[in-house]
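What follows is a short report on a single structure.
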Amino acid sequence: MPNIEKKSFDALVVGGGIAGVESAINIANNGLKVLLVEKDLTIGGKMIMLSKVFPTLDCSACITTPKISEVDRHPNVTIMTNTEVLHIDKQDKHYFKAQIKEKARYVDVSNCTGCQLCEDACPVVVPDQYQYGMVGRKAAYIPFNIASPRVASIDIENCSLCGACEKACPTQCIDFTQEDKEYEIVVKSVVIATGFNLFDPLKIPRYSYGSAKNVITSMEMERHLAPTRPYNHVLRPGDGKMPDNIAYVLCTGSRDMTVGNPICSQICCMYSIKQAQLLMGALPMADVTIYYINIRSFGKGFEEFYEQAKGMGINFVKGKIGQIDELENGDLKVRYEDINQGKLVESKHDLVVLSVGAMANEDPKTMFKADTWKQDEFAFAQQKDLFYTPSLSSIDGVFLAGTTSGPMDIPDTILSSGAASMEAIRYIKQAKVEI
Amino acid sequence: MEKKETFKIKRETHTVSQRVKDELKAFNQIRRKILEAIGEEELNIPDIADKIDMSKEETMYYVMSLVKFNKLQATAMDDMDEYYFYKIKE
Ligand SMILES: Cc1cc2nc3c(=O)[nH]c(=O)nc-3n(C[C@H](O)[C@H](O)[C@H](O)COP(=O)(O)OP(=O)(O)OC[C@H]3O[C@@H](n4cnc5c(N)ncnc54)[C@H](O)[C@@H]3O)c2cc1C
Ligand code: SF4
């Protein structure tokens with residue numbers, strides 16, 4: 001359990017995805033003290049889970065981990081993982097009180113070497129949430145190899161309390177006497193970097209996600225393609241077959257009034273084109289078809305990336321998917337409207353990937369006093385002025401970094417975090433009060 | 001150094017649910033069945049599923065978990081380049 005000797009900080013950064021990490025580093029580099037609070041067991045957000053990134057195809061882990069280790073080693077940053085922000089109350093100008101709860105990990109993180117002997121000893125197996133349930137994990141576990149901190153945790157809800165982990169641990173860092181701990185901290189400013197949620201495809205039953213075993217989400221495909229993948233290769237979760245005819249369904253849960261989300265998620269066209277290119281590398285004999293309504297390749301190098309995909313032989317079909325049905329052998333029958341030809345068509349694929357959209361994470365709403373935290377009509381954080389001050393929230397002294405305010409890719413997230421941290425620094429430096 | 005055994009202290013305040021006990025038992029049974037089904041052979045997922053009378057999807061989950069936990073390993077692919085074979089890890 002980290003010892004927060006200093007209970008006051010210049011800035012509280014909520015969310016340890018790439019937006020929170022970047023904001024924390026920027027603020028700390030200006031000599032200010034930062035508390036970075038992450039609800040998960042590891043920082044890194046979605047980016048640390050990705051395979052490669054569009055449009056450069058750089059390895060995502062390789063560009064995330066230097067940032068992660070920079071924030072981790074920074075003398076001005078205190079990181080608390082597995083920690084919730086209960087509420088943040090503005091007391092006065094430049095003065096917030098926050099109540100945070102650090103959940104028991106049942107491991108003394110300062111002594112854990114990440115040797116994984118507890119994991120080997122643990123007899124309990126449950127679906128691994130970091131692999132979207134495609135494979136199991138132990139009740140005593142390290143989330144994944146590049147997790148930060150790379151230390152064990154005990155999933156107490158699934159633990160059989162057999163004591164095997166405690167016996168196996170060479171540094172005796174397993175400690176079942178740990179309890180949740182609450183802290184009250186005082187800060188001069190707050191950066192909200194709680195990111196986005198993925199659209200839940202169960203909300204579109206006609207796509208058969210959850211019932212057809214070989215219909216998966218784009219985030220699951222990221223895991224298939226990442227170095228920390230669940231299987232030894234890209235394989236169908238339904239039967240272990242190597243797929244050779246893969247379909248992408250773009251705009252799943254975006255631009256769709258029937259699920260209450262009319263907006264474009266901005267990232268799914270490009271990440272699908274990226275995954276399709278990676279699949280052509282991993283499965284050279286495979287056919288990949290992308291069903292789209294429009295391709296939104298608006299960023300730097302994006303159009304060229306799209307052209308490159310076409311050149312590689314990826315099949316782009318302007319089509320609206322009506323229904324996906326599972327066949328007896330696990331293949332999928334896809335019924336769609338071919339928009340260019342204006343007719344209904346049926347096709348067969350052996351794996352379907354739903355390119356799920358980016359939805360608002362409404363967590364911040366519960367942190368602040370009612371009616372002070374404002375949201376836009378799609379439940380993302382409301383920006384005070386979209387054009388002139390996009391990183392200012394509805395609360396003075398609370399700044400918005402990354403996808404908290406709307407869907408965006410990593411380069412835009414970095415830019416947004418730069419803006420939010422600069423605004424936070426300016427705000428903190430104006431403070432006359434010593435806290 | 002003497003081991004602490006704090007799990008015994010936790011047992012006084014935390015009851016392990018019946019679900020956890022049942023799932024632990026079920027996993028051990030399935031693991032044994034899969035390892036027995038494979039034995040000295042190299043089998044793919046549909047073969048293993050057939051032998052243990054389990055759905056291919058569930059078999060995939062358990063076999064991949066056993067690969068992750070170093071009990072099984074993938075070997076070659078079949079002639080049709082469709083399925084990997086799995087064997088017990090030496
Ligand atoms: C399938 C897929 C592929 C993608 N591929 C690419 C790509 O190739 N290139 C690219 O540029 N972009 C890509 N993206 C987009 C990229 O993931 C985002 O731009 C990026 O993750 C945004 O970072 P973030 O920090 O704003 O949010 P997130 O990554 O969502 O991080 C938010 C963090 O906040 C934490 N958090 C949430 N709520 C709380 C709370 N209440 N308290 C404390 N912590 C909290 C979360 O646990 C998480 O760690 C992809 C997205 C998806 C879904
Ligand atoms: S980015 Fe592409 S796939 Fe995603 S919602 Fe927009 S148009 Fe649809």
Positions within region B:77-90 being more than 10 Å from every other protein chain (Cβ to nearest Cβ) and free of Cβ contacts under 8 Å to residues at least 24 places away in the same chain, in sequence order: B:D79, B:K89, B:E90
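Given the criterion under 24 Å from A:I290 (Cβ atoms), of a type in the set (D, E, K, R) and more than 14 Å from chain B (Cβ to nearest Cβ), identify the matching residue among A:K203, A:K213. It would help to see each step written out before you state the result.
On the way: A:K213 fails: more than 14 Å from chain B (Cβ to nearest Cβ).
Residue meeting the stated conditions: A:K203.
For A:A381, indicate whether it is modelled with pLDDT under 95 and assigned by TED's automatic domain parsing to the domain that holds A:T404.
Numbers: modelled with pLDDT under 95: no; assigned by TED's automatic domain parsing to the domain that holds A:T404: yes.
Judged against the criteria, A:A381 is not a match.
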Of all residues making up region A:283-300, the number that are within 16 Å of ligand 1 (Cβ to nearest atom) and exposed (fewer than 13 other Cβ atoms within 10 Å of the Cβ): 2
Number of the exception - A:S148 against (1) small (G, A, S); (2) closer than 30 Å to A:I263 by Cα; (3) open to solvent by 10 Å² or more (accessible area, probe 1.4 Å): (2)
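Each row is one residue, and each column tells you yes or no for (1) more than 16 Å from ligand 2 (Cβ to nearest atom); (2) assigned to a loop (DSSP other than H, G, I, E, B); (3) open to solvent by less than 20 Å² (accessible area, probe 1.4 Å); (4) within 30 Å of A:N26 (Cα to Cα).
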position	(1), (2), (3), (4)
A:T194	yes, yes, no, yes
A:M219	no, no, yes, yes
A:N232	yes, yes, no, no
A:D239	yes, yes, yes, no
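If I filter region B:27-46 down to residues being at the interface with another protein chain (Cβ under 10 Å from one of its Cβ atoms) and not in a loop (DSSP other than H, G, I, E, B), which single residue comes out as surrounded by the most Cβ atoms within 10 Å (Cβ to Cβ)?
B:I45
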Selected residue [assigned to a loop (DSSP other than H, G, I, E, B), more than 9 Å from ligand 1 (Cβ to nearest atom) and closer than 27 Å to A:S153 by Cβ] from A:L35, A:L41, A:L12: A:L41
Some residue of region A:95-106 being farther than 30 Å from A:V234 by Cβ, out of contact with any strand residue (DSSP E or B) (no Cβ under 6 Å at 6 or more places or on another chain), within 11 Å of another protein chain (Cβ to nearest Cβ) and open to solvent by 40 Å² or more (accessible area, probe 1.4 Å): no
Residue tally, condition buried (at least 24 other Cβ atoms within 10 Å of the Cβ) and away from ligand 2 (no atom under 12 Å from the Cβ), over region A:247-267: 1
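I need the full set of residues from region A:170-192 which are within 14 Å of chain B (Cβ to nearest Cβ) and open to solvent by less than 10 Å² (accessible area, probe 1.4 Å), in order please. Before you say what the answer is, go through the steps one by one.
Filtering region A:170-192 down to residues within 14 Å of chain B (Cβ to nearest Cβ) leaves A:170-180.
A:C173, A:I174, A:F176, listed by residue number.
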Which numbered condition B:R19 misses (of (1) facing chain A (nearest Cβ under 8 Å); (2) open to solvent by 20 Å² or more (accessible area, probe 1.4 Å)): (1)
Flag for A:E362 being among the acidic types (D, E) and over 28 Å from the mean Cα position of the chain (by Cα): no
Count of residues meeting criterion [away from ligand 1 (no atom under 16 Å from the Cβ), surrounded by 14 or more Cβ atoms within 10 Å (Cβ to Cβ) and within 28 Å of A:I216 (Cβ to Cβ)] in region A:337-379: 6
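The values are calculated or read from the model by the stated rules, or taken from the named source; none is laboratory data. Since the structure is predicted, the reported quantities are computational estimates derived from the model, not experimental observations. We place every Cβ from the backbone using ideal geometry, glycine too, and count neighbours over all the protein chains shown. What goes into the accessible areas is simple: the full protein's heavy atoms, side chains included, and nothing from ligands, DNA or RNA. Shrake-Rupley method; radii C 1.70, N 1.55, O 1.52, S 1.80 Å.
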